[in-house]
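Please read the structure below before turning to the comments.
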Amino acid sequence: MKISRPQAPAYDSFDHLATMVAVLRPDGRCVYVNATFEAALGVPRKALQKGDVFDWFVDDTTLRSTFASVVNNEFSTGRFEALMRRPPGGPADPLPVHVIITQIDHGEQVLLELVEVEQQARQERETRTLDQARVTKELIRNLAHEIKNPLGGIRGAAQLLEMELDDPALIEYTQVIIHEADRLQALVDRLLAPHRRPHIVADVNIHEVLERVRSLVLAEFSRGLKVVRDYDASLPEFRGDREQLIQAVLNIMHNAAQALSQRRQDGDAVIILRTRAGRQVTIGKQRYRLALELHIEDNGPGVPSEIRDRIFFPLVSGRDSGSGLGLTLAQDFVQQHHGLIECESESGRTVFKIQIPLP
């Protein structure tokens with residue numbers, strides 16, 4: 001007696017994958033695409049499922065030959081690099097992908113998996129950033145504690161010495177020692193602040209955070225700067241530390257406003273605050289169904305190329321007067337919310353991208 005199988009497997013689990021997945025018939029017609037596929041192309045899955053897989057690629061020659069070989073059992077899996085077409089109205093450049101074709105369901109269907117080349121590079125960048133942040137955090141904490149104790153002794157000795165001196169010129173030197181010790185103490189306190197401050201958890205509306213920061217920045221840089229809001233009002237609240245997030249965004253926006261000094265003088269400085277919901281987002285090797293994507297974009301000169309890979313390191317600054325701690329603290333505060341900050345910069349456009357998981 002012939003045992004009947006279900007006509008089609010359940011595909012719901014594919015929606016949890018970070019890669020684009022499509023299930024195809026042997027003739028190339030689409031049966032199913034997952035949520036990541038839908039989000040990457042910006043096309044509803046119903047429209048994609050009506051199409052032909054060969055129409056999705058700029059050059060389908062390799063795809064057709066590899067697809068036919070897998071369907072005909074010449075080999076079980078095929079891999080190659082290709083360029084996918086973008087939907088009308090989207091970016092003009094094609095999307096570079098790594099293609100994996102595999103037989104499933106006893107050869108009655110074919111699984112097409114597409115991995116964005118940029119996504120692979122981004123995940124590697126994220127891993128490096130998180131590893132560097134962990135090492136840097138531990139180094140800072142140990143170094144700050146080692147510096148803090150001798151500083152107290154230096155300041156105390158200078159005060160005792162000052163009490164024994166009658167010469168005003170010599171007292172001036174002890175005052176320099178005390179002043180510099182206090183300045184270094186304040187620096188150490190800033191380095192240690194993220195590690196010892198309690199994490200206050202409450203419901204946070206990201207747009208309330210952005211409006212607070214926007215008002216602070218515009219109050220300080222009132223002339224020649226325009227802050228454009230591009231908000232997704234449907235974003236849900238999430239649990240977090242409102243003050244930490246305000247400080248993180250403020251540090252980034254404050255840096256941007258300072259970098260726009262020439263454009264502010266010309267009257268055409270612009271900072272854009274953009275919020276979106278990202279679906280099936282991977283942050284630090286952890287997959288999240290939904291995440292906040294906050295872009296802080298400016299039209300300034302860009303981050304200097306020599307420090308672009310190190311801007312989240314402590315004491316690295318593109319300005320002579322900068323402390324080099326603003327972005328370090330911002331990254332640390334966002335990571336405490338299981339998120340990450342990335343930066344893309346070129347002349348005329350710098351974007352800081354903040355991703356935080358949403359419920």
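Comparison of Gly267, Gly284 shows that the only residue that is within 30 Å of Val21 (Cα to Cα) and surrounded by fewer than 21 Cβ atoms within 10 Å (Cβ to Cβ) is Gly284.
For the range 45-68, the tally of residues that are modelled with pLDDT under 80 and not in a helix (DSSP H, G or I) stands at 4. The residue list Leu294, Leu273 contains one member that is at pLDDT 90 or above, assigned to a strand (DSSP E or B) and in contact with a Ser or Thr (Cβ under 7 Å, 6 or more places away or on another chain), which is Leu294. Restricted to the range 25-50, and to residues there that are surrounded by 15 or more Cβ atoms within 10 Å (Cβ to Cβ) and more than 28 Å from Thr282 (Cα to Cα), the residue that is nearest to the chain's Cα centre (by Cα) is Gly28. Only one of the listed residues (Ala157, Ala257, Ala193, Ala186) is among the small types (Gly, Ala, Ser), within 32 Å of the chain's Cα centre (by Cα), at pLDDT below 90 and surrounded by 13 or more Cβ atoms within 10 Å (Cβ to Cβ). That residue is Ala193.
The values are calculated or read from the model by the stated rules, or taken from the named source; none is laboratory data. Bear in mind that the values here come from a model prediction, so they are computed numbers and not experimental data. Cβ: placed from backbone, ideal geometry, glycine included. Neighbour counts: every protein chain shown.
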